[in-house]
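Participant: I have a structure here, written as structure tokens, and I will follow up with some questions on it.
The values are calculated or read from the model by the stated rules, or taken from the named source; none is laboratory data. The structure presented is a predicted model; accordingly, all values stated were derived computationally and were not measured. A quick note on method: Cβ atoms are made from the backbone with ideal geometry, for glycine too, and the neighbour counts reach across all protein chains shown. We work out accessible area using only protein heavy atoms, side chains counted, and drop any ligands, DNA or RNA first. Shrake-Rupley method; radii C 1.70, N 1.55, O 1.52, S 1.80 Å.
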Amino acid sequence: MIILSLLPTSNRCSVTVPAVLWEEEEKKKKKQPQTVTFGSNEASSMVKQLRQSFKSGKTKSYQWRVSQLKGIAKMVEERESDIVQALYQDLSKPPLEAFVAEISMAKSSCREAIEGLQDWMKPEKAKTGISTYPSTAEIVSDPLGVVLVISTWNFPFLLSIDPVIGAIAAGNAVVLKPSEIAPATSALLSKLVKDYLDDSAVKVVEGAIPETSALLDQQWDKILYTGSARVGRIVMAAAAKHLTPVVLELGGKCPAVVDSNVNLEVAVRRIIAGKWQCNNGQACIGVDYIITTKDFAPKLIEGLRKGIEEFFGKDPMESKDISRIVSPAQFKRLVGLLDEDNVSDKLVLGGRRDSTRLKIDPTIVLDPPQESQIMQEEIFGPLLPIVTVGNLKESFEVINSKPKPLAAYLFTEDEQLKQDFVENVPSGGMSINDTILHVTVHTMPFGGVGESGMGSYHGKFSFDAFSHKKSVLYRSFSGDASLRYPPYTPKKQMVMKGLMNGGLPGMLLALLGWSSHNSGTKS
């Protein structure tokens, strides 16, 4: 069995427990008898059943696909209050944030799939050349088969349902493994999927490391994983044993570069929305750190202070409009980042913490050392470092000294700087003069690059992610030239070379005894 450590030392989109805490937890578990109700045998049996459902052909039909998508839409509509309650139980996520960031986006994704499915399923016409004349060609979107979606805890409903929508739209049988770090949402998903979807083709497996390991032992036709880069490597290694393709949605240190010529009030609001309003910083596309000039930093800090007070009141620890830290382990990790030598003395805003309520103030740290953990790890919490430079062009060097992020942000009115930023900063996606909104545009792919991930989804890109693009060439029995068959006479060779080198004109020249490569001298 694959030993799956879901607890990375280098954090990405789903941060859980650091290695030291994980080892302590493992020692405790070894002293207690372990009961695993879902192991490799159960996983194997489940996959066999799903393959039988897929081989029956029912998941390939438009009728089945659209019925399941409508089932998801009905589920989200009818059980919205239950979903909101589960998200609050797991993360203290404010109801409006739960609706905007998870429920409404899931509805939108489902609606788009239902409306676009017939067009998505149509074969795409492809051009053919003289070498296959007469012929027609098309690209057919084939479902891959039985696919696995491993979700994460920070947006535990949306990041579970959204990939499942794409997998179903593409005609696959699906297994969803929600995150055990969000147990209320995981349990709710398990119940709702049974109640609203076809249990013979769409299943949910709850659990933690043993269950995920059992799933990864099986052969899948594709795996989509959202989480940490460390676990992403484990998922990819498990998939490689079966040559299974993967989509990895990871994360990274997403920067926001802020120029001095911006509308400060608007920029501050959008930065706060992309940091603390976005699951209290627990988001893979959230602003991880800011880069600005030394001269502008004091104005920006003061603007952020005022904006935080406007959004969350004079005492953000008491605000009902901000999520809590997901777990004690996460809380301890974040406190460790803040209390590190040469970081704690750089605190310029916030810094209070309450371990009983798992809350940390919106916190700003000015110019922590680049070698500190807060500048090396993805923060995934309410801590925001600000790095100052002499000139904003220097920000490119700071960003590019780190692994490629999932998202990058720039606030400026300078058109040249915008162009330079887009050209010189590699990232999964970007927003200029805003944060996080680019992921809501379903006509654009969402995915990472380098250590922030591979592959993409959202909208039709989700359909494509779970489809195989099969090339199909159609020919009749007419037009069967002897030219392609032996014996290869000198004339055939001359005509074939002419055809390959210059298409139809080249072939005609060859028949006339002229080379398409000379300038007029007879060959």
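Participant: May I ask you to verify whether Ile271 is closer than 29 Å to Ser401 by Cα and in a strand (DSSP E or B)?
Facilitator: It is false that Ile271 is closer than 29 Å to Ser401 by Cα and in a strand (DSSP E or B).
Participant: Just to be sure, is Gly232 among the small types (Gly, Ala, Ser) and outside any helix (DSSP H, G or I)?
Facilitator: no
Participant: Please enumerate the residues belonging to segment 210-229 that are part of a helix (DSSP H, G or I) and under 21 Å from Gln282 (Cβ atoms).
Facilitator: Thr212, Ala229
Participant: Could you go through segment 429-438 and let me know if any residue there is in contact with a Ser or Thr (Cβ under 7 Å, 6 or more places away or on another chain) and surrounded by fewer than 17 Cβ atoms within 10 Å (Cβ to Cβ).
Facilitator: yes
Participant: Which condition number in (1) farther than 26 Å from Val449 by Cα; (2) of a type in the set (D, E, K, R); (3) not in a loop (DSSP other than H, G, I, E, B) is the one that Lys314 fails?
Facilitator: (3)
Participant: Residues of segment 198-226 being open to solvent by less than 20 Å² (accessible area, probe 1.4 Å) and either hydroxyl-bearing (Ser, Thr, Tyr) or modelled with pLDDT under 95 (or both), which ones?
Facilitator: Thr212, Ser213, Tyr225, Thr226
Participant: Are any residues in segment 359-387 assigned to a strand (DSSP E or B) and either within 25 Å of Gly227 (Cβ to Cβ) or of a type in the set (Val, Ile, Thr) (or both), and if so, which ones?
Facilitator: Answer for segment 359-387, where residues must be assigned to a strand (DSSP E or B) and either within 25 Å of Gly227 (Cβ to Cβ) or of a type in the set (Val, Ile, Thr) (or both): Lys359, Ile360, Thr363, Ile364, Val365, Leu383, Leu384, Pro385, Ile386, Val387.
Participant: Failed condition for Pro368, given (1) within 21 Å of Cys278 (Cα to Cα); (2) open to solvent by less than 60 Å² (accessible area, probe 1.4 Å); (3) not β-branched (Val, Ile, Thr), with all others met?
Facilitator: (1)
Participant: Here's a follow-up. Any residue in segment 278-288 that is in contact with a Gly (Cβ under 6 Å, 6 or more places away or on another chain), over 25 Å from Val422 (Cβ atoms) and not in a loop (DSSP other than H, G, I, E, B)?
Facilitator: Yes, because at least one residue in segment 278-288 is in contact with a Gly (Cβ under 6 Å, 6 or more places away or on another chain), over 25 Å from Val422 (Cβ atoms) and not in a loop (DSSP other than H, G, I, E, B).
Participant: Is one or more of the residues making up segment 241-256 open to solvent by less than 30 Å² (accessible area, probe 1.4 Å), in contact with a Gly (Cβ under 8 Å, 6 or more places away or on another chain) and part of a helix (DSSP H, G or I)?
Facilitator: No.
Participant: Within the bounds of segment 326-342, is there any residue that is touching a residue at least 40 places away in the same chain (Cβ under 8 Å), touching a helix residue (DSSP H, G or I) at 6+ places or on another chain (Cβ under 7 Å), open to solvent by less than 10 Å² (accessible area, probe 1.4 Å) and of a type in the set (S, T, N, Q)?
Facilitator: Taking every residue of segment 326-342 in turn, none turns out to be touching a residue at least 40 places away in the same chain (Cβ under 8 Å), touching a helix residue (DSSP H, G or I) at 6+ places or on another chain (Cβ under 7 Å), open to solvent by less than 10 Å² (accessible area, probe 1.4 Å) and of a type in the set (S, T, N, Q).
Participant: Go through (1) out of contact with any Ser or Thr (no Cβ under 9 Å at 6 or more places or on another chain); (2) over 26 Å from Gly428 (Cβ atoms); (3) free of Cβ contacts under 8 Å to residues at least 40 places away in the same chain; (4) not in a helix (DSSP H, G or I) one by one and return the number of the condition Asp321 breaks.
Facilitator: (3)
Participant: Going by what's in this entry, would Glu80 be described as open to solvent by 30 Å² or more (accessible area, probe 1.4 Å), at pLDDT 95 or above and under 25 Å from Cys284 (Cβ atoms)?
Facilitator: yes
Participant: Can you tell me which residue among Gly313, Gly307, Gly303 is in contact with a Ser or Thr (Cβ under 9 Å, 6 or more places away or on another chain) and open to solvent by less than 40 Å² (accessible area, probe 1.4 Å)?
Facilitator: Gly313
Participant: Is it the case that segment 295-314 has a residue that's touching an Asp or Glu at 6+ places or on another chain (Cβ under 9 Å) and within 18 Å of Met375 (Cα to Cα)?
Facilitator: Looking through segment 295-314, at least one residue is touching an Asp or Glu at 6+ places or on another chain (Cβ under 9 Å) and within 18 Å of Met375 (Cα to Cα).
Participant: Separate question: For Ser131, work out the one condition from (1) at pLDDT 95 or above; (2) in a helix (DSSP H, G or I) it doesn't fulfil.
Facilitator: With (1) at pLDDT 95 or above; (2) in a helix (DSSP H, G or I) applied to Ser131, the lone miss is (1).
Participant: Moving on to the next point. Of the conditions (1) open to solvent by 30 Å² or more (accessible area, probe 1.4 Å); (2) under 23 Å from Ser372 (Cα atoms); (3) in contact with a Ser or Thr (Cβ under 7 Å, 6 or more places away or on another chain), Glu451 fails just one. Which one is it?
Facilitator: (3)
Participant: Another one. Identify, please: which residue in segment 388-427 is among the hydrophobic types (A, V, I, L, M, F, W, C) and part of a loop (DSSP other than H, G, I, E, B) and is, among those, surrounded by the most Cβ atoms within 10 Å (Cβ to Cβ)?
Facilitator: The residue in question is Leu406.
Participant: Can you tell me which residue within segment 97-123, out of those that are without any contact (Cβ under 8 Å) to a residue 40 or more places away in the chain and open to solvent by 40 Å² or more (accessible area, probe 1.4 Å), is farthest from the chain's Cα centre (by Cα)?
Facilitator: Per the criteria, the residue is Lys122.
Participant: Then there is this: Asn154 is checked against (1) buried (at least 24 other Cβ atoms within 10 Å of the Cβ); (2) within 22 Å of Thr244 (Cα to Cα); (3) of a type outside the set (A, V, I, L, M, F, W, C) and fails just one. What number does that condition carry?
Facilitator: Every listed condition holds for Asn154 apart from (2).
Participant: If you go through segment 455-474 one residue at a time, do you hit one that is more than 24 Å from Leu366 (Cβ to Cβ), in a loop (DSSP other than H, G, I, E, B), out of contact with any Asp or Glu (no Cβ under 8 Å at 6 or more places or on another chain) and open to solvent by less than 20 Å² (accessible area, probe 1.4 Å)?
Facilitator: Yes, because at least one residue in segment 455-474 is more than 24 Å from Leu366 (Cβ to Cβ), in a loop (DSSP other than H, G, I, E, B), out of contact with any Asp or Glu (no Cβ under 8 Å at 6 or more places or on another chain) and open to solvent by less than 20 Å² (accessible area, probe 1.4 Å).
Participant: Also, I was wondering about something else. Looking only at segment 166-197, filter to residues that are hydrophobic (A, V, I, L, M, F, W, C), closer than 19 Å to Cys110 by Cα and part of a helix (DSSP H, G or I); which one of those is most open to solvent (accessible area, probe 1.4 Å)?
Facilitator: Filtering segment 166-197 for residues that are hydrophobic (A, V, I, L, M, F, W, C), closer than 19 Å to Cys110 by Cα and part of a helix (DSSP H, G or I), the one most open to solvent (accessible area, probe 1.4 Å) comes out as Leu188.
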